[in-house]
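This report refers to the structure that appears directly beneath it.
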Amino acid sequence: MQQRKQPRPNEGGVREKKTSDFLVRYDNTGRTLFSALLSVFKMNVGVAHSEVNPNTRVMNSRGIWLTYLLLTIVLHIILLSIPFFTVPLVWTLTNVIHNLVMYLFLHTVKGTPFETPDQGKARLLTHWEQMDYGVQFTSSRKFLTISPIVLYILASFYTKYDPTHFLINTCSLLSVLLPKLPQFHGVRIFGINKY
């Protein structure tokens, strides 16, 4: 008959030391378990990976593209619900409002709402110029470049290429597409938005 091996109470390299009123437990390295637990939650100063400027990665965050598309669709549905607007007018308004908001938020607003250690470099850049640290043709930049083009094509189709709507939609598209080109990175035409 084999005898069963009884587990020892302090198995696993943990030893106990009796002090005056409480029990202190040590792990294999000689540290108390409490200090080992605290070391897990300590910040590693100098090795933490965080963004210097959160504006650079905001369009790559989870769900932002879906939110962008849903907000554009909601805008279109709200405009469609106004009874005296025709379908061509609604598509043109959706395109113009979308492009106006995109132009204001991406190409007019400069700086960052966060304190950044870049010594004021972000202060002079628009949000578009700060995105992805200025690297051209990233996935978020491609998405934000293609989306007004797709909206323009839809607006042109549903307005049946009416010359008036076509001219308005084309001017609106160009006003938001030209600042996205790499040749216009940091360029202020006629000194507009220079400071």
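List pairs: first in region 59-75 and closer than 14 Å to F143 by Cα, second of a type in the set (S, T, Y) and modelled with pLDDT under 95, Cβ under 7 Å, 6+ apart or cross-chain?
Short answer, once both residue conditions are applied: M59/S140; N60/S140.
Consider P117 carefully, then state whether it is under 23 Å from P88 (Cα atoms) and not basic (K, R).
Numbers: under 23 Å from P88 (Cα atoms): no; not basic (K, R): yes.
Spelling it out, it is not the case that P117 is under 23 Å from P88 (Cα atoms) and not basic (K, R).
Could you grab me the full set of residues in region 79-104 that are surrounded by fewer than 13 Cβ atoms within 10 Å (Cβ to Cβ) and outside any loop (DSSP other than H, G, I, E, B)?
So in region 79-104, the residues surrounded by fewer than 13 Cβ atoms within 10 Å (Cβ to Cβ) come out as 81-84, 86-87, 104.
Result: V87, L104.
Name, by its number, the condition in (1) surrounded by fewer than 12 Cβ atoms within 10 Å (Cβ to Cβ); (2) over 29 Å from V187 (Cα atoms) that does not hold for L75.
L75 satisfies every listed condition except (1).
Does V150 count as part of a helix (DSSP H, G or I) and more than 18 Å from the chain's Cα centre (by Cα)? Before the answer, list the steps.
Working: part of a helix (DSSP H, G or I): yes; more than 18 Å from the chain's Cα centre (by Cα): yes.
In short, yes.
Within region 160-173, does at least one residue satisfy the condition of being closer than 21 Å to T94 by Cα and under 24 Å from the mean Cα position of the chain (by Cα)?
Yes - at least one qualifying residue is present in region 160-173.
Please go through region 105-147 and give me each residue that is of a type in the set (A, V, I, L, M) and either under 14 Å from the mean Cα position of the chain (by Cα) or modelled with pLDDT of 90 or more (or both), ordered by number.
Taking region 105-147 and keeping what is of a type in the set (A, V, I, L, M), we get 106, 109, 122, 124-125, 131, 135, 144, 146.
Within region 105-147, L106, M131, L144, I146 meet the criteria.
Going by the conditions given, is H107 closer than 22 Å to S81 by Cβ, touching a Pro at 6+ places or on another chain (Cβ under 8 Å) and surrounded by 17 or more Cβ atoms within 10 Å (Cβ to Cβ)?
no
Quickly run through region 113-139 and pick out the residues that are outside any helix (DSSP H, G or I) and closer than 18 Å to R188 by Cβ.
Within region 113-139, G120, K121, L125, T126 meet the criteria.
Anything in region 77-134 that is in contact (Cβ under 8 Å) with a residue 40 or more places away in the chain, of a type in the set (D, E) and more than 16 Å from K180 (Cβ to Cβ)? List them, or say none.
Once the filter is applied, which keeps residues that are in contact (Cβ under 8 Å) with a residue 40 or more places away in the chain, of a type in the set (D, E) and more than 16 Å from K180 (Cβ to Cβ), region 77-134 yields only D118.
Using the structure shown, decide if I82 is over 21 Å from S156 (Cβ atoms) and not basic (K, R).
yes
The values are calculated or read from the model by the stated rules, or taken from the named source; none is laboratory data. Keep in mind it's a predicted model, so treat the numbers as computed, not measured. Using ideal geometry, Cβ is built from the backbone for each residue, glycine included, and neighbour counts are taken over all protein chains shown.
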